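The values are calculated or read from the model by the stated rules, or taken from the named source; none is laboratory data. Computed from a predicted structure; not experimentally measured. Cβ atoms come from the backbone with ideal geometry, glycine included; neighbour counts cover every protein chain shown. The accessibility values were calculated without ligands, DNA or RNA, using every heavy atom of the protein model including side chains. Shrake-Rupley method; radii C 1.70, N 1.55, O 1.52, S 1.80 Å.
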Amino acid sequence: MSLILIFTVGLISTLLLFFKKRLWGMILLLVEVILIFSIWNGFATEYVLRQFQIHPRITQSDWKNNNLIILLGYGSTRWAQDEQLSSYPLEVSRLYEAARLYTSCTQQKHSCKILVSCGDPQRFGKPEARVMADELIAIGVPENDVILEAESRNTFLNARYSKKIISEQPSDKSFDQIYLVTSGIHMRRSLLFFNFFDLDPIPAPASHLKSLKSYSVASRNFFLLDSALHEATGIAQFHYYNMMGWNKKN
């Protein structure tokens with residue numbers, strides 16, 4: 001997305017210069033140079049990241065009697081050697097954070113479940129929720145404490161189907177509080193969707209992205225900026241759909 005923005009500004013400035021609109025063409029050309037430089041050296045990227053990574057990491061938790069940790073997926077990857085599926089590298093921090101919170105809860109003698117939410121948007125033939133659940137079980141989380149939500153294909157559906165599973169719990173097993181585990185940059189949009197379904201989870205960010213401060217070319221800063229712009233687009237789309245009445249709770 002950042003490259004598309006740079007290309008668009010460059011194209012417009014070129015057209016303006018071609019049609020002898022030199023003042024505006026030079027202004028846009030200057031804007032493009034400043035934009036490229038500010039992304040390369042990390043300043044623009046860092047500013048944008050701060051607008052989304054607003055929730056601190058949980059260091060101490062006030063566990064209730066019955067707790068639920070909702071873990072959102074990021075993607076699966078297939079190993080070339082044996083075609084086995086595992087969580088995408090950027091998802092590992094989410095798995096760790098969910099397992100860490102679960103361990104903290106159970107060590108304090110409270111009941112805790114992990115709801116793993118994601119279907120198979122990549123069409124690997126195995127839901128991402130199943131992949132993550134197997135990895136959680138492999139590191140010691142009891143299978144009875146893992147709940148699968150394997151239908152969703154995006155964050156909005158993560159929230160909708162999680163709400164459905166939670167509402168179907170027996171009254172004597174209802175959850176006293178809910179934690180939401182996802183990447184720090186994804187948390188703001190995720191909370192927007194989950195609060196739309198009246199779940200009001202406690203944010204538990206699993207990662208905090210930082211730009212690379214450098215005066216040489218840092219391609220990572222373009223990737224991070226694109227991630228933030230993706231979140232901004234998702235939030236804008238949600239509000240537009242709300243305005244049009246297209247967001248449905250069932």
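Largest to smallest in accessible area, the residues Val92, Val181 fall in the order Val92, Val181 (1.4 Å probe, all protein chains included). Measuring nothing but how far apart in sequence close Cα pairs (under 8 Å, 6+ apart) lie, relative to its length, the chain scores a relative contact order of 26 percent. List, in the order given, every pair from Lys109/Lys163; Lys64/Lys249; Lys164/Lys248 whose Cα-Cα distance in the structure shown is over 22 Å. Lys109/Lys163; Lys64/Lys249, as the Cα separations exceed 22 Å there. The simple Förster model, with R0 at 45 Å and r as the Cβ-Cβ distance, assigns Ala138 and Met244 a FRET efficiency of 0.55. Placing +1 on the Cβ of every Lys and Arg and -1 on the Cβ of every Asp and Glu, with nothing else charged, gives the stretch 100-182 a dipole about its Cα centre of roughly 180 debye.
In a reduced charge model with +1 at each Lys and Arg Cβ and -1 at each Asp and Glu Cβ, the stretch 64-111 shows a dipole moment near 340 debye about its Cα centre.
Distance between the modelled labels on Asp145 and Arg100, one decimal in nanometres: 1.7 nm (7 Å Cα→Cβ projection). By accessible area, using a 1.4 Å probe on protein heavy atoms only, the chain has 59% of its surface on carbon and sulfur. List residues of the stretch 58-89, by number, whose backbone nitrogen lies under 12 Å from a label position 7 Å along Cα→C-beta of Gln108. Within reach of a label on Gln108: 59-67. For Trp246, the solvent-accessible surface with a 1.4 Å probe is about 130 Å², rounded to the nearest 10. A dipole drawn for the chain from +1 and -1 charges on Cβ atoms has a positive end, and of Gln107, Val48, Pro127 the residue lying farthest that way is Val48.
Just to verify a number: FRET efficiency for His230 and Phe43, C-beta to C-beta distance, R0 = 25 Å, to 0.05? Computed FRET efficiency for His230 and Phe43: 0.80. Note that the chain presents 57 Å² accessible area per residue, ligands and nucleic acids not counted, probe 1.4 Å. With the helix formula -39500 (n - 2.57) applied to DSSP H stretches of n ≥ 4, the chain reaches a computed 222 nm mean residue ellipticity of -16000 deg cm²/dmol. Determine, at each q value in 0.07 (inverse angstroms), the log₁₀ of I(q)/I(0) that the Debye formula gives when each Cα of the chain is one equal point scatterer. Treating every Cα as an identical point scatterer, log10 I(q)/I(0) equals -0.31. Among the cysteines of the chain, those with no neighbouring cysteine Cβ under 4.7 Å are Cys118.
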